[in-house]
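The values are calculated or read from the model by the stated rules, or taken from the named source; none is laboratory data. Model, not experiment: these values are computed from the prediction. Virtual Cβ from ideal backbone geometry, glycine too; neighbours counted across all protein chains shown.
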């Protein structure tokens, strides 16, 4: 192939050009977005261009003039579509939207695309409180984060709750509370829910919390120190002592933070590390010159250059992040750095500088981030090697035919046969793959029978012509030889006995003096001896316990839904909308039962008559 993709795109017409090259020649030179499609008319790549015609022409040059990524992509392009925009900035935004919608195979997509937790401070409320959220809409509230993990946000929230006296209750509890809670008695809250609290005093605390969460701890310490001296000069020693304790707590927190720059400015630092099979972005958050947190993100493929990866990360991260610093240091500048700066400036409202330093303090900071990224890559590779070794040893010890890279495990949950459910968990390469977890409501069995539950669920999971997700390498059932034999019989009846291996794991029987759980194989009377492979047994127990947790959680939610139905849906005049508003306002059936008729009447959509009906019904159910 010399000048164009094969198949349809390579068939030349009389002018010597392929149909796609002819289509490119008719394309506009305006900015816009292009979508590449394969033979199945699926979108495989989305890109933006300042000049659509020029950019598209670069995909249909001779193969020896194409890079690795473009060469692989061009072989699969059978058609393309374009969307013209007024400016390149509009094209950048549209490109991001289309990538999130279609998730094309050859676009750079973050593996870690989850929403990280942030802290929300509702400034529209007269007495704001902090809540943990994962979405940051433009609703007038102040958002801080995102934090690298739920543990990090909990630690920050724990320190704030201990040091500052903001209210801890949720808005719906704040609205109906009749007396201060335990936090007030512990002097950890001013009790604005029930007591008359000076809004200026509360607002001062909100500003202190804001300074702390923005990384302005040194400034906050200086402010509190000045207030302490003022209180001491006025001989208000109790107030001065409280300021002193708060200052000491903040200084201890500051001691744990690492000062990495001497100019005490806000900036983010991004660097990429690569190996043969991994690409990782390391992101350091510098606030006021101190390192306040870090984040690492995997990329789904490694064809793209460092500049393209950084461009993708900036676009996807800061689109959801409420805080954009004035400076972003990167290990490689993207081609459209100026356009990204303009886009970031619109989000921040002020100028944003994107650059790659080559010497000085900032270059050393970038090197620090790069070293951390490379070290994390080495740790991840070592972890992957350990997991691979564990899976290989598991295959040898169980003497099964296939390497158990994908393991599926089922567990049932019910109470005396009611609300019976089953859960399936999936482990791939030694780690849970939650996107493949499945929940099953038991449909054909109305009584308690674990064997019947398993027969139904296995048939539903593996009995389809084209099972989705793909078949596992190993099926593990929670139970002894009885459950294992049922599973083997079901899989044999489906004609899949040679497609994957099956094992059972049963809990130890302490009455018989057993000291560990047992693993059974089909056709073998005695359990497998794993005395010398304790880590393998722990791994299988971990999978079993995860299936147990997953099934119980699903059963609990279903049982709770049934309880809500029996108590609320049977009340005359309480439909779906009113039920949802009552639960949203009060938080649960117990709180609704404890509320007065007047409080229920204040809920939007409720009348006094409907509130009386709710009160009468729930009071009656309580007596029963």
note = A careful count of residues in region 490-508 that are surrounded by fewer than 19 Cβ atoms within 10 Å (Cβ to Cβ) and within 39 Å of the chain's Cα centre (by Cα) gives 9
query = Just a yes or no: is a residue in region 424-437 part of a helix (DSSP H, G or I) and within 30 Å of residue 482 (Cβ to Cβ)?
reply = yes
message = So, in region 335-347, how many residues would count as being surrounded by fewer than 14 Cβ atoms within 10 Å (Cβ to Cβ) and within 23 Å of residue 289 (Cβ to Cβ)?
response = 0
Residues that are in contact with a helix residue (DSSP H, G or I) (Cβ under 8 Å, 6 or more places away or on another chain) and either in a strand (DSSP E or B) or touching a residue at least 24 places away in the same chain (Cβ under 8 Å) (or both), drawn from region 507-519 = 517, 519
inquiry  = Against the definition (touching a strand residue (DSSP E or B) at 6+ places or on another chain (Cβ under 9 Å) and either assigned to a loop (DSSP other than H, G, I, E, B) or modelled with pLDDT of 75 or more (or both)), how does residue 265 come out, yes or no?
reply    = yes
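May I ask you to verify whether residue 523 is on the phi > 0 side of the Ramachandran plot and either out of contact with any helix residue (DSSP H, G or I) (no Cβ under 6 Å at 6 or more places or on another chain) or not in a helix (DSSP H, G or I) (or both)?
Taking the combined requirement at face value, the residue satisfies it.
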key: Residue that is under 18 Å from residue 289 (Cα atoms), in contact with a helix residue (DSSP H, G or I) (Cβ under 8 Å, 6 or more places away or on another chain) and without any contact (Cβ under 8 Å) to a residue 40 or more places away in the chain, where the choices are 330, 324   = 324
query = Is it true that some residue in region 207-226 is at pLDDT 80 or above, touching a strand residue (DSSP E or B) at 6+ places or on another chain (Cβ under 8 Å) and not assigned by TED's automatic domain parsing to the domain that holds residue 594?
reply = yes
note = For region 574-588, pairs from a residue that is touching a residue at least 60 places away in the same chain (Cβ under 8 Å) to a residue that is assigned to a loop (DSSP other than H, G, I, E, B) and exposed (fewer than 14 other Cβ atoms within 10 Å of the Cβ), with Cβ under 8 Å and 6 or more apart or across chains, are 587/170
Single unsatisfied condition, residue 354 versus (1) over 30 Å from residue 502 (Cβ atoms); (2) in contact with a strand residue (DSSP E or B) (Cβ under 6 Å, 6 or more places away or on another chain); (3) not in a strand (DSSP E or B) = (3)
